[in-house]
Amino acid sequence: MDYLRLTQVRIRILTYNYMIQAILQDLDAVVFCKMLSKEDRLVEPVSQNALTIFNHWRAYINFPGTSLVDEYFQGEIKIVQCDFDPVLQLDYTVQSYGNWVINRSGKAQRVFLTCFERSFLEVTRICLSSGKQVNMRNLEF
């Protein structure tokens, strides 16, 4: 078989009797996706809600990651760890710094990214453009 023919054939290994059986793939049912690039990492909180950004982070966690350009940190930052709560209520002392909202309760601090449609994404760890990782719960704004 030539190389093109091999790419159209899916090999199934039957563990019962160790036979290899080639099955032709249905070309109408094949799903194709684009090749990922580093440009796919960027998100825009101004035009994307928190759930969309959280799902983007989950999908691209290994490569290329999820990044945004932020004025407070003066450059591109990578979201290393985040969480989304659809029923979030900010009850305590709230301070705002650009796109960032800090919710303090005693000594505990939670930092949220303000997104489209007044949705909030809790960001717990970021990586600066210098490569330094920052724990947002200990960060002094």
Length released on extending from Arg118 to Val134, taking residue separation times 0.36 nm less the Cα-Cα span: 3.3 nm
For Lys38, which lysines qualify as cross-link partners when the Cα separation must be under 20 Å and same-chain residues fewer than eight apart are set aside? Lys78, Lys132
Debye intensity ratio I(q)/I(0), log10, the stretch 17-141, q values 0.20 Å⁻¹ (C-alpha model): -1.17
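Looking at the stretch 38-135 only, what percent of DSSP beta bridges run antiparallel? Nearest 5 please.
Taking every DSSP beta bridge within the stretch 38-135, about 95 percent pair in antiparallel fashion.
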For the stretch 58-141 the trypsin sites (Lys or Arg not before Pro) that pass both the DSSP coil test and the at-most-16 other-Cβ-within-10 Å test are Lys107, Lys132, Arg137
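Bear in mind that the values in this text are calculations on the coordinates, not laboratory data. Fair warning: this is a prediction, and the values are worked out from it, not measured in the lab. Cβ atoms come from the backbone with ideal geometry, glycine included; neighbour counts cover every protein chain shown.
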